[in-house]
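The values are calculated or read from the model by the stated rules, or taken from the named source; none is laboratory data. Bear in mind the structure is a predicted one, so any value in this text is a computation, not a measurement. Neighbour counts are summed over all protein chains in view; Cβ atoms, including those assigned to glycine, are modelled from backbone coordinates with ideal geometry. In case anyone asks, the SASA skips ligands and DNA or RNA and just uses the protein heavy atoms, side chains included. Shrake-Rupley method; radii C 1.70, N 1.55, O 1.52, S 1.80 Å.
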Amino acid sequence: MEKRETINNCGNVKGRMNRGCIEANTLAIIDSAEVHKDSQDAKDDRMDFLEAVRIASIVPENGTPPTKKMVEAVFQILRAGKSLELIMSSYELLNEIEKRFPRIYVSESSGNGSPELVVIEEAWLPFMVSLDVMSSEKETNRRKLRGLFDPNGFHELITGLAEMAYKTNSQRLDTKVCVLIPCISSFNSLDSLHIAPRISHMIVYFNCTHSNGKHHVSLTLQPASKTTLLQFLGNMLLFQYLVNVLEGDFLARISMYKESMNWNFLRECLINMLLASKRVNYRVLMKECLHTICGLYQDYAGIRNEPDSSDEHSSENHNTDVAIALLEVQRTTCMAMQKLIIMIMEIDMSKQQANMLGLTTRSDGLRIPLIEIILDELTYYRKILPRFLQIFNDPKWKLEIIVQYLLKYTAKPVRTRRSNGPSEDSTFLGVLKSFSNSSSVRSIIKKLNVEVIQLLLAHAFLAYMSLTSQQLLPGMPGCNEAVIDSLSLVEISKNVAAAFNGLREADKKIQISSLGKEALFTATMIISTS
C-alpha cells in the first residue's frame, strides 16, 4: 500500500507560518549574495545561508523540515561550485536533509500492522521524471532552468565524469610529450599510451601529424585551472548526492515489492523511470557508467601509488587543497557508481521475476539486463577487466559476473528434454569443474590467456569466501542461488586448488600470479584446517 502525506506541521496555520518565516529569513541571505555576485562577501553570505538552514532544520532535535525553495537554493550552491568550502558544505547539508527528512520511507500501518510506503508529496526532488509522457515542454524547460535533472541531463553528467576521468590526474609532467605509433586508430584513450595514471591535474590536447608512414601524436599537457578542478569535484559530489536520492527511493520500494510482490512499487521507482525514458540511450549510458568507474579508479590508484611531491611543488601549485579533496572524492564516486550499477541489476532481476509471474505489461518495455552489457564490455575491452574486478567489491554480484563471464568460454552441457531447473554447470562449482578436464582447460586457455583465467578464479574465490562469511547462503535474502552452491567452503576450496592444478597440467610454463598464489594459499589453508 502506498500513502501520500504532506510535510509535518503543514496541516495547521501555525506550522505553515513558522516554515514561511524561516524560508523568508534564510532566502534573504541568498538575495544579498546575488548582489555581490562572485565576491568574497557573496561567498560568506552563501556560507551563512547554509549554516542558517542547518541551525533551523538539522541541529534541533525536532527541527522544521526546510521548504522546497530552501533545499533548492542549497542544491544550486552545490551546482554553482564557487569554492571548495561551499561545495563540501552544501553537499553535506543536502545529504543531512535527505537523511533527516526522507521523501519516501516504509512505516508500519496503524491498522493491521502491515508495512506501508509513505511518500511526502511536498518534499523537494532534484529529478524531473514522470511516467506521464504528455508533460508539457514548457514545464520541462522551466524545471531545467532551475537546475533539475531529467534523464538526458543525468546522462550528460555521467558522460562528463567519464571524459574528465581521462583528462585529469594528479602528477606533474613535462608540458609536452611526443609519441610515435604505427596507426592512429590503434588507441582509443590514454590507456593505450600507458601514461594515464601518471598524468594529473592536466588538460590533454592532441595534435596528430603524418610523416614517413607513421603518425606523430603530440600530447600537450597544461595544468588544469582551479576552476576546472572545482567543477570536476563539484560534479562528482553532485553525482554522489543524486545516487543517494535514488538509493533512498530504491530501498523503500524494493522492500515493499519483496513484501507484497506488487510490481507497481518498482515500476514507479526513480531509477526505473530514468532508464525507461526515450530521451536517454540506455545501452550507451550503462557503458559509460562502467568505463567511468574504471577510469576514476585508475586515476585514484595512480595518485596513491605515486610518491608525494606536494611539498616539492607547494610554492608553485595553488590547487593543493582541491587536489587533496579530489583524491578522496574520486574514491567515493567509484563507490557511488558501483551502488548505481548494483541497484540497476537488482531492478533487472526483480523485473525478470515479475515478468515470469505475469506482473509486467507492455508499457514496462524491454530493456537489456545490465549484467549482459557489462559482460559484453569486459569481453571486448578486456584491458579494463583487472580494474573492474579490483574496484567492484560487492561479493554477490561480483561472483555472478565472473561466473557468467567464464561460462562464455566453457563447454556447454548437452540438455535433454528431461533436464529441469537450473543446470549445475551454471554455478561456481560447475565452472570450477570445467578445469578438471584437460581438453576443456586447453580450449579455455586458447580463448582466454592464463593471466586472465587466474584473475577470474582468484576474484571469484575471494567473493565466495566473502559471501560465506556474511552467511549469504541459499535461502538467505538477497542471494542468487544460481551462483552460490550449497557446498561447504572446504569443498569449494578443493575445487579451486584442482582448477589451478588443471592449469599447470595444461601449460607447463605457467607462472602463477601473486593474486593466484594468494587464492591457492588460502584454499590450501582451509583444506588443511578442515
Taking a crude spin-label model, label points 7 Å out from Cα along the C-beta direction, the residue 279 to residue 39 distance in nm is 3.8 nm
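Please compute the net charge surrounding residue 379, taking Lys and Arg as +1 and Asp and Glu as -1 over other residues with Cβ under 11 Å from its Cβ. Walk me through the numbers before you get to the answer.
Details: positive: 382, 408, 447; negative: 372, 376, 377.
Its environment carries a net charge of 0.
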From the phi of every residue in segment 389-397, what ³J(HN,Hα) in whole Hz does the Karplus formula 6.51 cos²θ - 1.76 cosθ + 1.60 yield, where θ is phi - 60° and glycine or proline is x?
5, 6, 8, 7, 10, 7, x, 4, 6
How many nm separate the modelled label positions at residue 105 and residue 518, each set 7 Å beyond the Cα in the direction of the Cβ?
4.0 nm
Calculated log₁₀ intensity ratio I(q)/I(0) where the Debye formula runs over C-alpha points of segment 20-101, q = 0.20 Å⁻¹
-0.82
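Compare the peptides 228-241, 348-361, 493-506 by average per-residue count of other Cβ atoms within 10 angstrom and give them in order, highest first.
Order by mean packing, descending: 228-241, 493-506, 348-361.
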I need the phi-derived Karplus couplings for segment 357-365: 6.51 cos²θ - 1.76 cosθ + 1.60, θ = phi - 60°, integer Hz, Gly and Pro marked x.
8, x, 8, 8, 10, 4, 5, 6, x
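List, in the order given, every pair from 433/517; 447/508; 99/258; 82/398 whose Cα-Cα distance in the structure shown is over 29 Å. Mind showing how you got there, number by number?
Details: 433/517 20 Å; 447/508 18 Å; 99/258 23 Å; 82/398 39 Å.
Check vs 29 Å cut-off fails for 82/398.
Working out 0.36 nm times the residue gap between residue 426 and residue 121, then minus their Cα-Cα distance, what length gain in nm do you get to one decimal? Numbers along the way, then the final one.
Values: separation 305, 0.36 × 305 = 109.80 nm, distance 4.50 nm.
Length difference between fully extended and current span is 105.3 nm.
Return the carbon/sulfur percentage of the accessible area of segment 20-101, one whole number, probe 1.4 Å, all protein chains in place. Don't jump to the answer; show the numbers that get you there.
Values: 2030 of 4070 Å².
Accessible surface attributable to carbon and sulfur in segment 20-101 totals 50 percent.
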So what's the net charge close to residue 281: Lys and Arg +1, Asp and Glu -1, counting the other residues with Cβ under 11 Å from its Cβ?
+3
Once phi is turned into ³J(HN,Hα) by the Karplus curve 6.51 cos²θ - 1.76 cosθ + 1.60 with θ = phi - 60°, what whole-Hz value does each residue of segment 452-459 show in order, with x for glycine and proline?
5, 4, 4, 4, 5, 5, 5, 5
Amide H neighbours of residue 127 under 5 Å, counting only residues 5+ apart in sequence or on other chains, H built in-plane at 1.01 Å?
149
Using r as the Cβ-Cβ distance of residue 320 and residue 451, and R0 as 30 Å, what FRET efficiency do you calculate, to the nearest 0.05?
0.20
